[in-house]
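First up is the structure itself, then whatever we jot down about it.
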Amino acid sequence: VTRPLLLDLFCGAGGAAMGYHRAGFDVVGVDINPQPQYPFRFLQRDALEVLAGKPAQYMKLVHASPPCQAYSNLNAYNHADYPDLIGTVRDLLRMQGFPYVIENVPQAPLIQPVVLCGKSFGLKLYRHRGFEVGGFRIEPAVEYPHRELCARNGYLPTPERPFMSIHGGKHSRAWLEAAKAVMDVPWMTTIREVCEAIPPAYTEYIGKQLLAALEATS
Ligand SMILES: C[S@@+](CC[C@H](N)C(=O)[O-])C[C@H]1O[C@@H](n2cnc3c(N)ncnc32)[C@H](O)[C@@H]1O
């Protein structure tokens, strides 16, 4: 049985990709930087060029995770000039006509995003990410109250603070291993890869809903 094909743009080390793979897709990743840990087929290319160049029409879904630095709160302090790619990516995706998912931090300019949190999937982290979906619908996940306290970024969880904060920094090896376990990304090897990733559970949840919708219409 062939699995439907998904194009994973701005793929990083493959957090999103792994979730779609678990849901039942074959995944091809595209990133402008080398991604030696990416666990599926990988093309080192500019994602915008790939999109503008008309990806194959048999693609069932295009996922895009443009860099979030332009929208993240830290940018207010950094004053760095990061590209704002979401609008361009959306325009190209709509022009091509693929069902699509654009993922980013909740404060990014996404249209009617479904926001997912680690706690909804039994993970010990509150990592909110917004998912704008085009061409199909997804149900919001059940949200649970944030009762547990979070360890500070760079610190290991404790019984008093059992949830992790996972953001960049010069963290210890032990912290990296704990973060990989909490995010469920055991194949990743660097702090950067883990901090840029989304937990595979989020895209597994989305991917299964899209597959069900595709099966219902086929
Ligand atoms: C937030 S990370 C993606 C994380 C990934 N979704 C995951 O779950 O592991 C964004 C990625 O976009 C890549 N990137 C930035 N500009 C790009 C471009 N123009 N084309 C392709 N990739 C790009 C970066 O190298 C980085 O790996």
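The values are calculated or read from the model by the stated rules, or taken from the named source; none is laboratory data. Worth saying up front: this structure is predicted, and the values here are computed from it rather than measured. So basically every Cβ, Gly included, is an ideal-geometry build from the backbone, and we count neighbours across all protein chains shown. We work out accessible area using only protein heavy atoms, side chains counted, and drop any ligands, DNA or RNA first. Shrake-Rupley method; radii C 1.70, N 1.55, O 1.52, S 1.80 Å.
Give the relative contact order (percent, whole number) for the range 104-207; include only Cα pairs under 8 Å separated by 6+ residues.
Once divided by the residue count of the range 104-207, the mean separation gives 21 percent.
Considering only DSSP states other than H, G, I, E and B, which trypsin sites (Lys or Arg not before Pro) in the range 158-218 qualify as loop sites with at most 16 other Cβ atoms within 10 Å?
Sites meeting the loop and neighbour criteria: Lys170.
Report, for the chain, the % of DSSP beta bridges that are antiparallel, rounded to 5.
Values: 8 of 26 bridges.
Percent antiparallel among DSSP bridges in the chain is about 30.
Can you tally the net charge around Thr158? Count Lys and Arg as +1, Asp and Glu as -1, for every other residue whose Cβ sits under 13 Å from the Cβ of Thr158.
For residues surrounding Thr158, the net value is +1.
Estimate the FRET efficiency between Arg3 and Arg45 by the formula 1/(1 + (r/R0)^6), using the beta-carbon distance for r and 22 Å for R0, to the nearest 0.05.
FRET efficiency, Arg3 to Arg45: 0.50.
Please calculate how many Å² of accessible area the chain carries per residue, with a 1.4 Å probe and no DNA, RNA or ligand atoms counted.
Spelled out: the 1.4 Å probe surface of the chain, per residue, equals 52 Å².
In nanometres, what is the gap between the two model label sites at Tyr58 and Lys170, each 7 Å from Cα along Cα-to-Cβ?
5.0
Order Leu123, Leu149 by their accessible area, 1.4 angstrom probe, all chains in place, largest first.
Heavy-atom accessible area, descending, gives Leu149, Leu123.
Take the alpha carbon atoms of the range 197-218, find their center, do the same for the range 97-175, and report the distance between the two centers in whole angstrom.
Centre-to-centre (Cα) distance: 17 Å.
Just need the Rg to Rh number for the chain, please, alpha carbons only, Kirkwood Rh.
Dividing the radius of gyration by the Kirkwood radius yields 0.95.
Full extension from Arg137 to Asp91: what is 0.36 nm times the residue separation minus their Cα-Cα distance, to one decimal in nm? Mind dumping the intermediate values first?
Details: separation 46, 0.36 × 46 = 16.56 nm, distance 1.89 nm.
Using 0.36 nm per residue and subtracting the Cα-Cα distance, I get 14.7 nm.
I want to check the label-to-label distance for Tyr155 and Lys208. Put each point 7 Å from Cα in the C-beta direction and report it in nm to one decimal.
Using points 7 Å along Cα→Cβ, the separation is 3.4 nm.
Give me the base-10 log of I(q)/I(0) for the range 93-177 at each q in 0.14, 0.15, 0.23 Å⁻¹, Debye formula, one uniform scatterer per Cα, rounded to two decimals.
So the normalised log intensities are -0.62, -0.68, -1.09.
With a/c under 1.5 counting as rounded, go ahead and sort the range 129-218 into rounded, prolate or oblate using the C-alpha gyration tensor (a ≥ b ≥ c being the square roots of the eigenvalues; past the cut-off, prolate if a/b is larger than b/c, else oblate).
prolate
So what's the angle, to the nearest 10 degrees on a 0 to 90 scale, between helix 200-217 and the longest Cα principal axis of the chain?
That works out to roughly 30 degrees.
Just want to confirm a number: the relative contact order over the range 123-167, from Cα pairs under 8 angstrom separated by 6+ residues, in percent.
This gives 39 percent for the range 123-167.
Given N residues in the range 126-169, what is Rg(Cα) / (2.2 N^0.38 Å)?
Details: Rg = 14.6 Å, N = 44, 2.2 N^0.38 = 9.3 Å.
Working it through for the range 126-169, the quotient is 1.58.
Over the range 129-217, with every protein chain in place, what whole percent of the accessible area is carbon and sulfur at 1.4 Å, could you tell me?
Percent of accessible area from carbon and sulfur atoms in the range 129-217: 55.
Which order do peptides 105-115, 150-160 fall in by mean Cβ count within 10 Å, highest first?
The packing order, highest mean first, is 105-115, 150-160.
When we measure straight from the Cα of Lys60, which aspartates and glutamates land under 13 angstrom away, once same-chain ones fewer than 8 places off are left out?
Asp8, Asp26, Glu215
Using the Cβ atoms and a cut-off under 14 Å, what net charge is assigned to the surroundings of Glu132, where Lys and Arg are +1 and Asp and Glu are -1?
+2
With a Förster radius of 35 Å, plug the Cβ-Cβ distance of Tyr144 and Arg22 into 1/(1 + (r/R0)^6) and report the FRET value to the nearest 0.05.
With R0 = 35 Å, the Cβ-Cβ based efficiency is 0.95.
Helix 86-96 sits at what angle to the longest principal axis of the chain, using alpha carbons and giving 0 to 90 degrees rounded to 10?
Orientation of helix 86-96: about 30 degrees from the principal axis.
Considering only the other residues whose Cβ falls under 14 Å of the Cβ of Met59, what net charge follows from Lys and Arg at +1 and Asp and Glu at -1? Could the numbers behind the result be given before it?
Working: positive: Arg3, Arg41, Lys54, Lys60; negative: Asp8, Asp26.
Local charge sum for Met59: +2.
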